[in-house]
Amino acid sequence: MLGIHSNVFEHAMEVIPKQGSEEVDSAGTSPTAAPTPCRSLTRLTTRSLSFSDCTGEVCEHDEHSSDEVPSCLRLHVGAIQIPHPDKIDHGGEDSYFVCGDGATVGVADGVSEWGWRFGVNPRGFADELMQAACREAQQTLQSADVISVESRAQRILSIGFDSVKAFGAATALVATLDAEGSRLGVANLGDSGLLQLRRSTTTNRTEVVGRTAEQLHSFNKPYQLTRLPAPADFPRLYSEGKTALVQAVKRCRPQKFDSPCDSDTYSLKVQVGDLIILGSDGVFDNLHDSEICALVDGQVSRAVDRTVDPECVANAIAEAAKSNSQDKTADTPFGQYVREAGFEYSGGIQDDITVLAAWISN
């Protein structure tokens with residue numbers, strides 16, 4: 001994530017706009033990117049998933065548990081990450097997880113300012129958050145508590161956040177299927193996003209049937225989870241040369257930070273054949289929903305039996321987002337957002353790009 005909101009260190013730091021938001025160009029449009037063959041790219045972190053991968057650790061499912069999810073619907077997931085061009089060496093600052101049971105996924109976007117201003121790895125916080133959420137999702141699955149699927153998603157995010165030890169900040173989104181696999185619960189805090197796509201029986205085209213909304217305090221200031229150091233941490237931070245972080249925290253007056261309880265929650269009715277797209281803001285800042293639908297249609301039309309590897313779908317979306325992010329004339333959601341705020345802007349915005357594509361399947 002390239003932007004922060006002033007709520008993090010109010011009166012101690014300036015508000016940092018997303019990179020490129022001050023550039024001035026004439027408005028322009030960009031056609032929807034053509035479908036891209038599924039392939040590995042030089043600067044692409046590609047993960048082929050069979051419900052057993054979690055960034056930073058493997059989230060295994062206990063096959064002998066008596067409390068397994070009933071055999072109904074599952075998420076068949078493929079994931080792609082493309083780091084910002086300036087962050088290729090360390091893989092960017094986004095993170096994600098896919099639980100081993102095929103029921104829960106998530107994405108987080110670390111705030112880059114923690115890196116260049118304070119010398120703290122922004123991805124460290126995001127990775128810990130996703131790893132802890134993944135573990136909690138497995139434990140919650142076996143819990144006897146009866147709660148709504150959207151409350152379960154929020155609880156996974158909340159307990160995951162409580163487990164984080166790293167300092168930093170991130171937006172986060174968690175999506176989980178209910179026990180019957182008929183509903184998808186979502187908890188979203190910030191400006192990552194989720195689309196529920198379905199092929200129309202009348203038009204034979206992919207349409208959006210469900211969507212999360214961005215959470216913003218004000219222009220370019222998304223909600224985010226934050227963990228600051230306590231006074232007991234100051235000596236260690238001083239010894240590590242992180243004086244700027246300590247000074248910023250000392251200047252920070254008492255305030256309420258965003259928490260998982262502030263996340264928007266959703267309960268989406270799903271069916272076999274639905275496609276769930278999760279993405280960091282590097283995706284949804286650079287691609288309109290209609291472009292994503294067109295990319296999915298392009299992938300489906302290329303398949304002989306209309307069965308598409310979700311990684312190929314994620315790959316096509318990620319490459320299109322990357323292309324628009326580098327195009328100064330592209331018609332992008334971010335460009336529209338900036339112009340609506342009263343600024344001159346056109347084109348996309350370069351950022352880390354993370355895409356999870358998940359078919360709802362038996």
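Which one is most open to solvent (accessible area, probe 1.4 Å) among residues in the stretch 166-180 that are in contact (Cβ under 8 Å) with a residue 40 or more places away in the chain and over 18 Å from Leu356 (Cβ atoms)? Applying the filter and picking the extreme gives Glu180. Under the condition of being assigned to a loop (DSSP other than H, G, I, E, B) and of a type in the set (A, V, I, L, M), the residues counted in the stretch 259-291 number 3.
Going by what's in this entry, would Gln350 be described as within 22 Å of the chain's Cα centre (by Cα), over 21 Å from Val270 (Cβ atoms) and open to solvent by 60 Å² or more (accessible area, probe 1.4 Å)?
Details: within 22 Å of the chain's Cα centre (by Cα): yes; over 21 Å from Val270 (Cβ atoms): yes; open to solvent by 60 Å² or more (accessible area, probe 1.4 Å): no.
Taking the combined requirement at face value, the residue does not satisfy it.
Is at least one residue of the stretch 279-287 surrounded by 15 or more Cβ atoms within 10 Å (Cβ to Cβ), farther than 19 Å from Ala321 by Cβ and either among the hydroxyl-bearing types (Ser, Thr, Tyr) or under 24 Å from the mean Cα position of the chain (by Cα) (or both)? No: the stretch 279-287 contains no residue that is surrounded by 15 or more Cβ atoms within 10 Å (Cβ to Cβ), farther than 19 Å from Ala321 by Cβ and either among the hydroxyl-bearing types (Ser, Thr, Tyr) or under 24 Å from the mean Cα position of the chain (by Cα) (or both).
Is it fair to say Gly91 is in contact with a Pro (Cβ under 8 Å, 6 or more places away or on another chain), on the phi > 0 side of the Ramachandran plot and either in contact (Cβ under 8 Å) with a residue 24 or more places away in the chain or aromatic (Phe, Trp, Tyr) (or both)? For Gly91, the condition - in contact with a Pro (Cβ under 8 Å, 6 or more places away or on another chain), on the phi > 0 side of the Ramachandran plot and either in contact (Cβ under 8 Å) with a residue 24 or more places away in the chain or aromatic (Phe, Trp, Tyr) (or both) - is met.
Working only within the stretch 208-227, note down all residues that are surrounded by 15 or more Cβ atoms within 10 Å (Cβ to Cβ) and either among the charged types (D, E, K, R) or modelled with pLDDT under 95 (or both). Walk me through how you get there before you give the answer.
Taking the stretch 208-227 first, the residues surrounded by 15 or more Cβ atoms within 10 Å (Cβ to Cβ) are 209-212, 214-216, 219-227.
Across the stretch 208-227, the qualifying residues are Arg211, Glu214, Phe219, Asn220, Lys221, Arg227.
Of everything in the stretch 91-122 that is closer than 21 Å to Gly282 by Cβ, modelled with pLDDT under 95 and of a type in the set (D, E, K, R), the residue that is most open to solvent (accessible area, probe 1.4 Å) is Arg117. Across the stretch 303-352, the number of residues qualifying as among the basic types (Lys, Arg) and in a loop (DSSP other than H, G, I, E, B) comes to 2.
Among the listed residues Arg183, Arg152, Arg205, identify the single one that is over 17 Å from the mean Cα position of the chain (by Cα) and open to solvent by less than 60 Å² (accessible area, probe 1.4 Å). Spell out the reasoning first.
Working: Arg183 fails: open to solvent by less than 60 Å² (accessible area, probe 1.4 Å); Arg205 fails: open to solvent by less than 60 Å² (accessible area, probe 1.4 Å).
Answer to the check: Arg152.
So that you can scan it fast, the table gives a plain yes or no per residue for (1) open to solvent by 10 Å² or more (accessible area, probe 1.4 Å); (2) polar (S, T, N, Q):
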residue: Leu295; (1), (2): no, no
residue: Thr307; (1), (2): yes, yes
residue: Ala314; (1), (2): no, no
residue: Lys322; (1), (2): yes, no
residue: Gln326; (1), (2): yes, yes
residue: Gly342; (1), (2): yes, no
residue: Ser346; (1), (2): no, yes
residue: Ile360; (1), (2): no, no
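Hey, among Ala357, Ala294, which residue is closer than 21 Å to Glu207 by Cβ, in a helix (DSSP H, G or I) and modelled with pLDDT of 95 or more? Matching residue, one of Ala357, Ala294: Ala294.
For the stretch 196-238, name all the residues that are polar (S, T, N, Q) and without any contact (Cβ under 8 Å) to a residue 60 or more places away in the chain. First the steps, then the outcome.
Taking the stretch 196-238 as the starting set, the residues that turn out to be polar (S, T, N, Q) are 196, 200-204, 206, 212, 215, 218, 220, 224, 226.
If the condition is that a residue be polar (S, T, N, Q) and without any contact (Cβ under 8 Å) to a residue 60 or more places away in the chain, then Ser200, Thr201, Thr202, Thr203, Asn204, Thr212, Gln215 are the ones that fit.
Name the residue that is nearest to the chain's Cα centre (by Cα), counting only residues in the stretch 186-202 that are open to solvent by 10 Å² or more (accessible area, probe 1.4 Å) and closer than 19 Å to Val313 by Cβ. Quick ask: steps written out before the conclusion?
Step one: of the stretch 186-202, the residues open to solvent by 10 Å² or more (accessible area, probe 1.4 Å) are 198-202.
From what's left, closer than 19 Å to Val313 by Cβ: 198-200.
Working: Arg198: 21, Arg199: 24, Ser200: 26 Å.
If we take residues in the stretch 186-202 being open to solvent by 10 Å² or more (accessible area, probe 1.4 Å) and closer than 19 Å to Val313 by Cβ, then Arg198 is nearest to the chain's Cα centre (by Cα).
Pairing residues of the stretch 245-261 that are open to solvent by 50 Å² or more (accessible area, probe 1.4 Å) with residues that are assigned to a helix (DSSP H, G or I), at Cβ distances under 9 Å and at least 6 apart in sequence or on separate chains, gives Lys250/Pro231; Lys250/Phe234; Cys261/Gln154; Cys261/Ser158.
Out of everything in the stretch 228-258 that is under 28 Å from the mean Cα position of the chain (by Cα) and in a helix (DSSP H, G or I), what residue ends up being farthest from Ser218 (Cα to Cα)? Here the answer is Leu245.
The values are calculated or read from the model by the stated rules, or taken from the named source; none is laboratory data. From a predicted model like this one, the values you see are computed outputs, not experimental measurements. Don't worry about glycine lacking a Cβ; one is built from the backbone with ideal geometry, like all the others, and counts go over all protein chains shown. SASA here: full protein model, heavy atoms, side chains in, ligands and nucleic acids out. Shrake-Rupley method; radii C 1.70, N 1.55, O 1.52, S 1.80 Å.
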